[in-house]
């Protein structure tokens with residue numbers, strides 16, 4: 001592999017920053033109409049403490065979803081499409097499309113909801129105007145902003161933000177409307193806690209506004225986490241402060257009955273009206289910026305019908321979806337003319353929450369599978385994502401159970417349409433029958449070209465009797481940690497066991513492994529000798545696409561049959577198998593599980609595979625606290641300085657948590673440096689040379705090198721396998 005293949009983080013020289021591209025649209029969508037027109041009703045029904053509890057519960061769910069978004073966004077560059085892009089790249093294009101298409105319509109029709117709300121407030125304040133015409137004029141104005149430039153639309157939102165800030169300041173410096181008696185938990189006869197919670201929750205669901213702008217961001221992997229979490233935090237502080245002002249300045253009955261009570265208790269009442277208008281306009285702008293970008297991503301990925309593929313085109317240097325914006329404008333104007341969206345508004349809310357739910361599932365699945373390629377800078381434990389998913393599902397049923405079911409059915413129908421699958425009734429009468437259907441489906445799905453993002457080694461462990469070489473099985477289990485497959489193989493002399501006896505022996509080994517907490521496949525066969533048995537296993541063992549791609553074998557320090565051993569290594573390499581040789585230190589020494597030394601020679605050939613094995617080893621429970629020491633030898637000080645810079649940049653780009661160390665040779669041999677530097681390591685990972693005709697002589701030198709070292713893993717990567725792509729973003 002050449003140096004050009006080294007992965008780098010893609011950044012754009014132009015585009016929106018964190019504040020303008022993520023924080024501004026997110027916080028303006030969070031501080032929306034519900035804050036102005038329904039927060040007083042919330043406080044009046046459940047009291048000050050009840051309002052604080054509702055805000056905390058609602059923001060907790062949003063915060064968990066934001067953590068999941070941050071986890072996915074810092075593992076890969078999030079391109080145009082925002083939530084759709086994240087879901088489709090984690091759970092597949094079918095799931096992404098099934099969520100993305102309803103999300104697009106939810107975003108588009110939300111524009112109509114916001115502009116109609118703006119028109120209603122104008123008519124209420126001034127009268128003499130036609131609500132539909134005002135809504136259409138405002139819609140066209142917002143669309144012109146979006147069509148002209150996303151950056152111009154963001155700048156317009158700065159003015160709106162100023163209006164909202166002014167309204168909040170005016171509210172903070174306002175005065176009491178009437179003598180009040182503080183109600184910690186509300187008055188008798190008010191709405192129930194969960195009814196009020198369901199009304200308030202949509203007020204904190206604005207975190208996708210910034211994510212939808214991912215394609216226009218300068219550095220999305222930095223902007224999305226920082227901007228999203230900052231918006232959630234700011235919204236939480238404001239929502240915790242407002243109930244205090246409301247509860248101490250107006251009576252509970254007034255808070256419940258007067259939607260614009262904030263205007264009466266504010267220092268300057270018209271500022272609240274400006275805030276309401278600003279909230280509706282900012283939400284409309286955010287939705288009209290996000291919807292066409294989702295449509296653009298759907299078209300580019302081929303999710304939409306072929307005759308709609310033109311919607312994937314972008315315009316200008318920033319690749320803005322002007323065609324998609326024009327189509328979205330048409331959808332919005334039709335909805336505005338219809339005017340009554342009350343029947344479908346709950347379903348739209350469900351689509352947003354469904355998106356949050358699936359995003360949490362996507363992050364949870366990625367974290368649970370713990371694939372070597374999933375290494376987010378902002379790591380979140382999968383259980384938090386699962387908790388966020390459960391919270392979203394619970395809130396959906398609390399808000400509207402019927403709308404939840406309708407939204408779920410629509411998503412399922414779109415999923416089946418994208419998959420173009422036919423439902424077939426092939427259920428068996430027992431659980432085994434269902435597992436066989438799933439196994440058959442899985443095998444045929446795995447028959448497609450493999451995806452390097454989800455790759456992990458499928459090992460064939462040549463341990464013989466598990467009791468005699470338990471270290472090999474421990475190493476395989478540490479690399480696997482119940483996420484992949486590995487097979488423990490034993491080769492017996494020909495005629496020593498019948499087929500039935502071999503099966504009984506496999507059961508016995510399985511029981512032995514299960515008692516020690518190891519889940520592995522077991523294979524026992526007979527052959528004239530062990531080497532012939534291994535060759536046969538590599539040639540025939542497997543089921544369809546499930547074939548071992550990595551052979552784990554013990555070290556052979558004896559010179560007696562070294563020629564056969566080296567010939568086997570050559571044959572395995574020619575068969576395009578990865579080879580891992582484990583040399584256990586014969587001298588007993590404490591295994592602290594603290595340090596893994598990787599002797600680095602670059603990403604080409606063995607380098608990427610060595611890093612993957614080190615990461616897999618550290619992901620195991622026993623090695624979780626270990627440090628990976630990435631070591632490189634340079635001939636002199638000047639070369640060492642340059643090498644240190646390069647290796648530090650590489651570790652940063654690959655998101656590998658490792659301690660880098662460049663050692664200066666100063667005339668010393670590699671073996672001398674190795675023994676001096678890695679004496680305190682708990683595991684050493686070394687690369688091996690490609691087998692040649694003189695491989696037996698080379699392996700003899702390796703044996704001398706290993707003497708006196710801690711337990712060492714020798715690595716020989718399969719030829720032409722692009723391990724570097726497993727490490728790339």
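The values are calculated or read from the model by the stated rules, or taken from the named source; none is laboratory data. Because the structure is a prediction, the values reported are computed rather than measured. Positions of Cβ are backbone-derived with ideal geometry, glycine not excepted, and every protein chain shown enters the neighbour counts.
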Item to check | Residue check, residue 425 out of contact with any helix residue (DSSP H, G or I) (no Cβ under 9 Å at 6 or more places or on another chain), within 30 Å of residue 656 (Cβ to Cβ) and at pLDDT below 85 | outcome: no
Checklist entry - Can you name the residue in segment 470-483 that is within 30 Å of the chain's Cα centre (by Cα) and surrounded by fewer than 20 Cβ atoms within 10 Å (Cβ to Cβ) and is also farthest from residue 545 (Cα to Cα) among such residues? => result 474
Next on the checklist: Just checking, does segment 508-524 include any residue being in a strand (DSSP E or B) and loosely packed, with under 14 Cβ neighbours inside 10 Å?
Outcome noted: no
Checklist outcome for this item: Exactly one of 96, 100, 81, 40 is on the phi > 0 side of the Ramachandran plot and either crowded, with 24+ Cβ neighbours inside 10 Å or part of a loop (DSSP other than H, G, I, E, B) (or both), and that residue is 81
Item to check | Yes/no for residue 668 being surrounded by fewer than 20 Cβ atoms within 10 Å (Cβ to Cβ) and either in contact with a strand residue (DSSP E or B) (Cβ under 7 Å, 6 or more places away or on another chain) or free of Cβ contacts under 8 Å to residues at least 60 places away in the same chain (or both) | outcome: yes
Checklist outcome for this item: residue 210: passes all of (1) crowded, with 20+ Cβ neighbours inside 10 Å; (2) in a loop (DSSP other than H, G, I, E, B) but (2)
Checklist entry - Is it true that some residue in segment 616-639 is within 30 Å of residue 539 (Cα to Cα) and within 25 Å of the chain's Cα centre (by Cα)? => result yes
Checklist outcome for this item: Result of the Cβ filter at 6 Å on segment 145-158, keeping first residues that are on the phi < 0 side of the Ramachandran plot and assigned to a helix (DSSP H, G or I) and partners that are at pLDDT below 75 and crowded, with 18+ Cβ neighbours inside 10 Å, at least 6 apart or interchain, is 145/153; 146/153; 150/216
Item to check | Test for residue 517: is it more than 25 Å from residue 445 (Cα to Cα) and more than 34 Å from the chain's Cα centre (by Cα) | outcome: no
Item to check | Given (1) touching a residue at least 12 places away in the same chain (Cβ under 8 Å); (2) at negative phi, index of the condition residue 468 fails | outcome: (1)
Next on the checklist: If a residue counts only when it is modelled with pLDDT under 85 and out of contact with any strand residue (DSSP E or B) (no Cβ under 7 Å at 6 or more places or on another chain), which helices (runs of 4 or more DSSP H) contained entirely in segment 249-323 have at least 3 such residues?
Outcome noted: 269-300
Next on the checklist: Tell me which strands (runs of 3 or more DSSP E) are completely within segment 563-682 and hold 3 or more residues being under 23 Å from residue 549 (Cβ atoms) and modelled with pLDDT of 90 or more, or say none if there are none.
Outcome noted: 578-583
Checklist entry - Of the residues 407, 403, 389, which is free of Cβ contacts under 8 Å to residues at least 40 places away in the same chain, surrounded by 15 or more Cβ atoms within 10 Å (Cβ to Cβ) and either outside any loop (DSSP other than H, G, I, E, B) or over 21 Å from the mean Cα position of the chain (by Cα) (or both)? => result 389
Checklist entry - So, in segment 542-555, of the ones that are part of a loop (DSSP other than H, G, I, E, B) and surrounded by fewer than 17 Cβ atoms within 10 Å (Cβ to Cβ), which residue ends up modelled with the highest pLDDT? => result 547
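Listed here are the residues, each with its yes/no results for (1) assigned to a helix (DSSP H, G or I); (2) under 25 Å from residue 654 (Cβ atoms); (3) at pLDDT below 90; (4) touching a strand residue (DSSP E or B) at 6+ places or on another chain (Cβ under 8 Å).
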{"site": "14", "(1), (2), (3), (4)": "no, no, yes, no"}
{"site": "21", "(1), (2), (3), (4)": "yes, no, yes, yes"}
{"site": "26", "(1), (2), (3), (4)": "yes, no, yes, no"}
{"site": "35", "(1), (2), (3), (4)": "yes, no, yes, no"}
{"site": "46", "(1), (2), (3), (4)": "yes, no, no, no"}
{"site": "53", "(1), (2), (3), (4)": "yes, no, no, no"}
{"site": "62", "(1), (2), (3), (4)": "yes, no, no, no"}
{"site": "69", "(1), (2), (3), (4)": "yes, yes, yes, no"}
Next on the checklist: Being in contact (Cβ under 8 Å) with a residue 60 or more places away in the chain and either within 15 Å of residue 327 (Cα to Cα) or under 39 Å from the mean Cα position of the chain (by Cα) (or both) is the requirement here; does residue 246 meet it?
Outcome noted: no
Checklist outcome for this item: Subset of segment 529-541, residues assigned to a helix (DSSP H, G or I) and more than 17 Å from residue 569 (Cα to Cα), comes to 540
Checklist entry - residue 361 is checked against (1) surrounded by fewer than 20 Cβ atoms within 10 Å (Cβ to Cβ); (2) modelled with pLDDT of 85 or more and fails just one. What number does that condition carry? => result (1)
Item to check | Subset tally (residues that are more than 26 Å from residue 453 (Cα to Cα) and in contact with a helix residue (DSSP H, G or I) (Cβ under 8 Å, 6 or more places away or on another chain)) for segment 584-630 | outcome: 1
Next on the checklist: I need the full set of residues from segment 676-697 which are surrounded by fewer than 15 Cβ atoms within 10 Å (Cβ to Cβ) and either out of contact with any strand residue (DSSP E or B) (no Cβ under 7 Å at 6 or more places or on another chain) or free of Cβ contacts under 8 Å to residues at least 12 places away in the same chain (or both), in order please.
Outcome noted: 676, 679, 689, 690, 692, 693, 694, 697
Checklist outcome for this item: Checked pairs for segment 103-130, first at positive phi and free of Cβ contacts under 8 Å to residues at least 40 places away in the same chain, second crowded, with 24+ Cβ neighbours inside 10 Å and in a helix (DSSP H, G or I), C-beta under 8 Å and 6 or more apart or across chains, list as none
Checklist entry - Somewhere in segment 109-132, is a residue modelled with pLDDT of 85 or more, under 23 Å from residue 295 (Cα atoms), surrounded by 20 or more Cβ atoms within 10 Å (Cβ to Cβ) and over 33 Å from the mean Cα position of the chain (by Cα)? => result yes
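Starting from residues that are within 41 Å of the chain's Cα centre (by Cα) and surrounded by 19 or more Cβ atoms within 10 Å (Cβ to Cβ), keep the ones in segment 171-187 and report whichever is farthest from residue 268 (Cα to Cα).
Across segment 171-187, the extreme among qualifying residues is 186.
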Item to check | Qualifying position, being out of contact with any strand residue (DSSP E or B) (no Cβ under 8 Å at 6 or more places or on another chain) and without any contact (Cβ under 8 Å) to a residue 40 or more places away in the chain, among 524, 499, 518 | outcome: 499
Checklist outcome for this item: Listed by first then second residue, the pairs whose first member lies in segment 572-588 and is without any contact (Cβ under 8 Å) to a residue 40 or more places away in the chain, whose partner is assigned to a strand (DSSP E or B) and surrounded by 11 or more Cβ atoms within 10 Å (Cβ to Cβ), with beta carbons under 6 Å and at least 6 positions apart or on separate chains, are 572/551; 572/579
